[in-house]
Amino acid sequence: MRSTSFAASLLLLLLTSLTYSQTSQPTPAVGRVTGTVLDELDQPINQAQVCSVVYLVLKPNKSQSNATCVTHTDKTGQFEINHLPMGTYTITASKNDDGYAELGQGTPVPEVTLTPEEPLANVIVKLGPKQGILIPVVKDKSTGKPVLDFSLSWQTVVPGGTWGGASGFNQWTTRTPIPAAKDVSLEVSAHGYKNWVYADPSGSRFLRLQSGERKILNIELQPEAKNTLTTH
């Protein structure tokens, strides 16, 4: 009886010691970023998507960015991002449906550094002016059926005639912001179809939209010819 009681007491002591050692491990520190997203007139933007971007240095002269987009602003333009590991982040926002693309379109992008001593940060993200809004309607030229799985890329032309700017890729998109008041070339691609390149009725291969202008673009993709085997 005594040996059984001693064994039970020893087991209880070991379990208590194990539980204590597990709970006594320090919990990794996490931080929080709050802020407000405003338009070019300093008015709050409702339902803007907010992302925290961390840049990882993999090796000298090589880095990688990792964006986490898990929150949206409320009616007052405010947002909150919780459970961020300690580190340095840039905070970006966008609302493509209204023509506000990511990274503030040339406006300063706020950067915050979270540390155990200062785990909280508050920022203001400015967006605007609005870009042009392209609404592509993509169909199969042979059948007239919608093509939903496609990519749309654009490029701008800088002074001097050289190609510059960024390329944007969008799948299953209904609205795509493109730079306003600039000549933009467009190309649409989809698996099983020939690439489509924009050209207006006059033959110009550039599209120009004003800030906030919306344009529905009807696009017909030509199916690629299927390879056929000829038997003799």
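For the peptides 211-222, 117-128, what is the packing order when you average, over each peptide's residues, the other Cβ atoms within 10 Å and list the highest mean first?
Numbers: 211-222: 13.7, 117-128: 16.4.
Output ranking for 211-222, 117-128: 117-128, 211-222.
Over the stretch 74-148, with every protein chain in place, what whole percent of the accessible area is carbon and sulfur at 1.4 Å, could you tell me?
Working: 2150 of 4030 Å².
Looking at the stretch 74-148 in its full context, I get 53 percent from C and S.
With the crude spin-label approximation of a point 7 Å out along Cα→Cβ, what separation in nm comes out for residue 29 versus residue 68?
1.7 nm
Report in % the part of the accessible area of the stretch 171-223 that belongs to carbon and sulfur, leaving out ligands and nucleic acids; probe 1.4 Å.
Details: 1450 of 3160 Å².
On the stretch 171-223, the fraction of accessible area on carbon and sulfur atoms equals 46 percent.
Along the Cα→Cβ direction, 7 angstrom out, place labels at residue 118 and residue 156. What is the inter-label distance in nm?
That separation, rounded to one decimal, is 3.3 nm.
The values are calculated or read from the model by the stated rules, or taken from the named source; none is laboratory data. Nothing here was measured: the structure is a model prediction, and the numbers come from that model. Positions of Cβ are generated from backbone atoms using ideal geometry, with glycine treated the same way; all protein chains shown enter the neighbour counts. Accessible surface is based on the protein model in full, side chains and every heavy atom, while ligands, DNA and RNA are left aside. Shrake-Rupley method; radii C 1.70, N 1.55, O 1.52, S 1.80 Å.
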